[in-house]
1. Within the group L88, L93, which residue is surrounded by 17 or more Cβ atoms within 10 Å (Cβ to Cβ), outside any helix (DSSP H, G or I) and not polar (S, T, N, Q)?
2. Given the structure, is K37 exposed (fewer than 13 other Cβ atoms within 10 Å of the Cβ) and closer than 20 Å to S110 by Cα?
3. Check segment 60-81 and report whether any residue there is among the polar types (S, T, N, Q), at pLDDT 95 or above and within 12 Å of the chain's Cα centre (by Cα).
4. Of a type outside the set (D, E, K, R), in contact (Cβ under 8 Å) with a residue 60 or more places away in the chain and under 19 Å from A126 (Cβ atoms): which single residue out of V56, V77 fits that description?
5. Among the residues of segment 82-128, how many are farther than 17 Å from T43 by Cα, among the hydrophobic types (A, V, I, L, M, F, W, C) and within 16 Å of the chain's Cα centre (by Cα)?
Amino acid sequence: MLLKIDMRMIGRMSVGWAHGRFRYRSPSEMEQVANEKLYGYITHYTIGVGLAVTYVLSWDLLVGGPASPVWALVYGVATTVASHFFVLPSMGLGVFGRRSPEGIRGPLSSLANHLFYGVGIAVAIALA
């Protein structure tokens with residue numbers, strides 16, 4: 001079963017970023033903040049929309065023509081790299097979330113969620 005994204009944790013991390021703290025040794029170092037869940041949603045979806053727009057515009061500039069729905073799936077999976085090599089280590093979970101209490105389920109859930117993100121981009125392209 002896929003793990004649910006912890007928006008509170010993303011909110012804490014993003015507030016830490018806003019205050020210049022980009023790395024934690026452990027998730028327990030991230031202090032709770034007011035409205036952390038809201039900050040988590042705003043951060044997560046702003047980055048997601050920004051990356052989707054970047055994909056569509058970059059495709060047009062670099063390849064020409066409308067963006068490819070098939071490559072959108074690949075792009076969605078590729079965005080997992082940011083999660084595994086930047087976000088999870090920033091939270092103190094290590095590369096690929098190897099220090100996560102959920103073990104391998106965390107990185108696999110992230111991969112699956114980003115695949116669905118790619119599906120969403122592909123569907124949006126196909127309907128446009």
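1. L93
2. no
3. no
4. V56
5. The qualifying residues number 11.
Okay, residues lined up against (1) of a type outside the set (A, V, I, L, M, F, W, C); (2) under 30 Å from E29 (Cα atoms):
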| site | (1), (2) |
| --- | --- |
| Y55 | yes, no |
| M91 | no, yes |
| G97 | yes, yes |
| E102 | yes, yes |
| R105 | yes, yes |
| A126 | no, no |
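The values are calculated or read from the model by the stated rules, or taken from the named source; none is laboratory data. Here the structure is a predicted model, which means the values were calculated and not measured. Quick reminder, even Gly has a Cβ in these numbers, built from the backbone with ideal geometry, and neighbours come from all protein chains shown.
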